[in-house]
Amino acid sequence: MKVIVILILVSVLIATGFLLAFIWAVKSGQFDDTYTPSVRMLFENDKKSASTSLDVDKNK
Amino acid sequence: MKAAKKSDVKCFHCGTVCSDQVHYDEKLFCCQGCKVVYSIFKDNGLDDYYTFESTPGNRMDTSDDDRFLFLENKEIAKSLLNFSDGTKSKVIFSIPEIHCTSCIWLLENIAKICPGVIHSEVNFIKKQATITFFEQELTLRQLALTLANVGYAPMITSESSDKKEEKPKWGKIQIQLGIAGFCFGNVMLLSFPEYLGFAEEDPFFITLFSWLNMFLSIPVLIFSAKDYLISAYKAVTKKFVSIDIPIALGILTLFIRSSYEVISGTGAGFFDSFTGLIFFLLIGKWFQSKTYESLSFERDYKSYFPLAVSRWNGAIQEIIAINEIEKGDKIRIRNNEIIPADCRLISESANVDYSFVTGENHPVSIKKNDFIYAGGKLLGIPIDLEVEKKVDQSYLTSLWEGQQVNTSRGTKHLLDRVSKYFTITILLISLIASVYWYITSPQMVWTVISAVLIVACPCALALSVPFTYGSIIRSLGRMGYYLKSADVVEKFFNISDIIFDKTGTLTFTGKSKIEFEGDPLTDEEINSVFEMTSASVHPYSQKIASSFKGKKQNSELISSFSEIPGSGIKAVIHGMEYRLGTESFVLNKPESTQQPVSAQVFFSVNYFLRGKFLIGSSIRSGLNRLMVHLEKQGLKLALLSGDNESDKEKMTALFPEGTTLKFGMKPDQKLEMIANLQAKGKQVIMIGDGLNDAPSLLRADIGISVVDNASVFSPASDVIIDGSKLYLFSSIFKFINSAKIVVGLSIIISFLYNIVGIWWAVNGQLTPVFAAILMPLSSITVVVFTTLSIKLLGKLYKLEK
């Protein structure tokens, strides 16, 4: 039965990982605009704009 | 779109019904402007723009190329940039025209039309575009002009240069909520064995779980519940009772008692209730904090003024920031620019539109050496002015500054008033209970006191108001009524007076209704009138010209044209002499001594009177019924207009009998009226627009600004209404007031739960399981009850319209 202790600790650790991921997502502004990305993903990228849209400079 | 009837044909670019069609590339356009934009897109491979939505374009104002001249000034340009490293710059533009999918696509592909742009990203909700570009290849002004030329003119005000990147408050509550939710879920899971009664079977796990629970609760107390504790502390030090005090008391008791139980090994504690409580409270807060990010409720006079102005330095013009203007400077103002400071006119004459400042509907003509107040908008040819006062000392500005003190009107919230009695009652109950238990069995005293404080924690009570008001804000938002915050809802409950402004509020601004009285004009006559009025800079001419939509100018038609100030214009077209102006002028009679009636333009062909154009302000539809309904609800109405009495008849007909109608009111007189009413203990709503109402909007208990396009300009106010929805106001008013009942009922519901809980607590029988069930149950009941009843009420009142 003591194995449950390990299981619980592991599960809490994993859950904490997801919590940190959530905090990161909020801080990096992923929840700031919940509409535009849903539209943007439907645009067809041609080759030129595909390469430029990758190097988005994020400055705080 | 099949070209069926002429009137049904819509412009391929902007969707305006075409009266005069421009053919290009087998498509139809309403004007040259739209065609040009289309051809720009087509030449640059951006014609996908038209595939996402049909007719996505904006009609352009093809005014002049002097726009954004102020961006040439390095200081101003720099203040607008969010980031610059010498080669690359980043700017965030507010673009009110963003309205559909195609807009996003176009603006994110703007680099194709505008070389030098590295990357652009649109935030649709905020109506902003973040654009990164190479400074060497592109100036800020070129960028702004390019955007304006394709119909997406950025709105640049002092606001955009003042606040750069404001810190998002939004993110904090999301993280608090995330952490509370995470801990709540895990604590619930770990408490399950305890609920199911496994405590005796395996004491090792139960101890382990309760210690884990305690550790999981620490971040909730320190981070998620922080704001409640701080606010309660502040309330205590300032000696007033708010809802946060019983909440903080409950939170602390819960945590301390639970920790004590776990550490001493006497029980499992109430950590599940604790984390759940915080989680629900935060959801309420989050629900209430609904904001309209594309709207600004805080604009002051500065936003109305241009950022820069051109000043004469000898014979050359230089562009200087507005706060650098000194007394005695000579400045040049162009068509449609706002005059930034109190000035004296150097040029011969000027037409100034003061509708923003005074509410006066018709342009004022000003002669050489006359005084011009700041805030007027120039119509017509450029003028030179000599500055009399610095910007921050002008008449309007001073009016505003004097008002700043009154902006924070301290009203006590409904919930805080309730919680005052609530807190006292709870403290009394715990006192009586502890006295009783002290006599019967003293070891139970602390258990009972803490149990009472825990169970009395007004979670459901604290949720009732946020959810009711939050739902109201959302319902109203769908109807075109945008509230600044949930606090505004409460202010509606005690309103006794409603004051209306006329121009722009009850009537449309800018767009005057042009009617022609007389026999219908022939096509040729319409063309001639259009040509003549387009050539003239007189405001009436421009109004008449703009009423002929989609016409293109062909000035070669006119063989002789002259404008006689004070009388009218005459032109010879195809050998006929056309005249527009005063009655005596068009009939070529000597000028009568009678003062010409304003807002009338006569039209004659070869001295034969054809009729007259009436330039009137048109009243929004449905307002007659609105006034009747409002009066029935026992509200006292009044009209305070800055305009002259020309519309008095219309207004008398519109308002119920005996209503105070005042014309020619200056901004400070309006303010005084409101202050007087408030001094008599009345609570006032001011409904207005524009800068002339701005001080009164701030002063009134609720300031409502009416706009025709919600994303454009509105002065600082509590509510922003879409002008076309003004007629719904009486239903909205009833709707909000019926919410009072919903709040009342939900408070009763939460009290009932509290009474049940307290009964158990006083009896010393509060178990963790019982608390863990009661608390979420009461919260959920209140949430469901309030949201559902607001939805129902909304439906009820929407049916009524």
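With respect to B:VAL488, determine if the residue is crowded, with 16+ Cβ neighbours inside 10 Å, in a helix (DSSP H, G or I) and in the same structural domain as B:SER259 (by TED's automatic domain parsing).
Considered against the rule, which asks whether it is crowded, with 16+ Cβ neighbours inside 10 Å, in a helix (DSSP H, G or I) and in the same structural domain as B:SER259 (by TED's automatic domain parsing), B:VAL488 comes out as no.
Is there any pair with a first residue in the range B:451-468 that is more than 22 Å from B:LEU483 (Cβ to Cβ) and a second that is among the charged types (D, E, K, R) whose Cβ atoms are under 8 Å apart and which are 6 or more apart or on different chains, and what are they?
Close Cβ pairs satisfying both conditions: B:ILE454/B:ARG257.
Being surrounded by 20 or more Cβ atoms within 10 Å (Cβ to Cβ) and either in contact with a Gly (Cβ under 9 Å, 6 or more places away or on another chain) or within 14 Å of chain A (Cβ to nearest Cβ) (or both) is the requirement here; does B:GLY151 meet it?
yes
Within the range A:5-21, how many residues turn out to be at pLDDT below 90 and either within 7 Å of another protein chain (Cβ to nearest Cβ) or under 16 Å from the mean Cα position of the chain (by Cα) (or both)?
Result for the range A:5-21: 1.
Would you tally the residues in the range B:67-84 being open to solvent by 60 Å² or more (accessible area, probe 1.4 Å) and either within 24 Å of B:VAL150 (Cβ to Cβ) or assigned to a loop (DSSP other than H, G, I, E, B) (or both)?
Final tally of qualifying residues: 1.
Within the range B:702-714, is even one residue open to solvent by less than 20 Å² (accessible area, probe 1.4 Å) and part of a helix (DSSP H, G or I)?
Within the range B:702-714, not a single residue is open to solvent by less than 20 Å² (accessible area, probe 1.4 Å) and part of a helix (DSSP H, G or I).
Within the range B:88-111, track down each residue that is among the hydroxyl-bearing types (Ser, Thr, Tyr), open to solvent by 10 Å² or more (accessible area, probe 1.4 Å) and within 12 Å of chain A (Cβ to nearest Cβ).
If the condition is that a residue be among the hydroxyl-bearing types (Ser, Thr, Tyr), open to solvent by 10 Å² or more (accessible area, probe 1.4 Å) and within 12 Å of chain A (Cβ to nearest Cβ), then B:THR101 is the only one that fits.
Pick from B:ILE736, B:ILE780: which is over 30 Å from B:GLN443 (Cα atoms), in contact with a helix residue (DSSP H, G or I) (Cβ under 7 Å, 6 or more places away or on another chain) and not polar (S, T, N, Q)?
B:ILE736
In the range B:692-700, is there at least one residue being outside any loop (DSSP other than H, G, I, E, B) and open to solvent by 20 Å² or more (accessible area, probe 1.4 Å)?
Taking every residue of the range B:692-700 in turn, at least one turns out to be outside any loop (DSSP other than H, G, I, E, B) and open to solvent by 20 Å² or more (accessible area, probe 1.4 Å).
Among (1) buried (at least 20 other Cβ atoms within 10 Å of the Cβ); (2) in contact with a Gly (Cβ under 7 Å, 6 or more places away or on another chain); (3) farther than 21 Å from B:PRO193 by Cβ, there is one condition B:LYS290 misses while meeting the rest; what is its number?
(1)
Filter the range B:715-742 down to the residues that are under 20 Å from B:THR291 (Cα atoms), at pLDDT 85 or above and small (Gly, Ala, Ser) and list them by number.
Answer for the range B:715-742, where residues must be under 20 Å from B:THR291 (Cα atoms), at pLDDT 85 or above and small (Gly, Ala, Ser): just B:ALA739.
Tell me, yes or no, whether the range B:641-656 has at least one residue that is in contact with a strand residue (DSSP E or B) (Cβ under 8 Å, 6 or more places away or on another chain), open to solvent by less than 80 Å² (accessible area, probe 1.4 Å), outside any strand (DSSP E or B) and among the acidic types (Asp, Glu).
Yes - at least one qualifying residue is present in the range B:641-656.
Here's the yes/no breakdown for (1) at pLDDT below 90; (2) assigned to a loop (DSSP other than H, G, I, E, B); (3) more than 15 Å from the chain's Cα centre (by Cα); (4) surrounded by 10 or more Cβ atoms within 10 Å (Cβ to Cβ):
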{"residue": "A:ILE23", "(1), (2), (3), (4)": "no, no, no, yes"}
{"residue": "A:VAL39", "(1), (2), (3), (4)": "yes, no, yes, yes"}
{"residue": "A:PHE43", "(1), (2), (3), (4)": "yes, yes, yes, yes"}
{"residue": "A:ALA50", "(1), (2), (3), (4)": "yes, no, yes, yes"}
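Consider only pairs whose beta carbons are under 8 Å apart and that are at least six residues apart or on different chains; among these, list those whose first residue lies in the range B:639-654 and is under 14 Å from B:PHE500 (Cα atoms) and whose second residue is outside any helix (DSSP H, G or I) and open to solvent by 60 Å² or more (accessible area, probe 1.4 Å).
Every condition considered, the pairs that remain are B:LEU639/B:LYS662; B:LEU640/B:LYS662; B:SER641/B:LYS662; B:GLY642/B:LYS666.
Residues of the range B:112-128 being more than 27 Å from A:PHE31 (Cβ to Cβ) and either crowded, with 20+ Cβ neighbours inside 10 Å or at the interface with chain A (Cβ under 9 Å from one of its Cβ atoms) (or both), which ones?
Residues satisfying the conditions are B:LYS112, B:CYS114.
Need a quick list: strands (runs of 3 or more DSSP E) entirely within the range B:548-604 having at least 1 residues that are of a type outside the set (S, T, N, Q) and modelled with pLDDT of 80 or more.
Filter on the range B:548-604 gives B:568-573, B:576-581.
Just the residues that are part of a helix (DSSP H, G or I), touching a Gly at 6+ places or on another chain (Cβ under 9 Å) and open to solvent by 10 Å² or more (accessible area, probe 1.4 Å), please, taken from the range B:427-454.
Of everything in the range B:427-454, those that are part of a helix (DSSP H, G or I), touching a Gly at 6+ places or on another chain (Cβ under 9 Å) and open to solvent by 10 Å² or more (accessible area, probe 1.4 Å) turn out to be B:TRP437, B:MET444, B:THR447, B:LEU453.
Looking at the range B:170-226 only, could you name the residues that are outside any helix (DSSP H, G or I) and at the interface with chain A (Cβ under 10 Å from one of its Cβ atoms)?
B:ASP202
The values are calculated or read from the model by the stated rules, or taken from the named source; none is laboratory data. It should be emphasised that the depicted structure is a prediction, and the values quoted were computed from it without experimental measurement. Note that we place each Cβ from the backbone using ideal geometry, even for glycine, and neighbour counts take in every protein chain shown. With ligands, DNA and RNA removed, areas are computed over all heavy atoms of the protein, side chains included. Shrake-Rupley method; radii C 1.70, N 1.55, O 1.52, S 1.80 Å.
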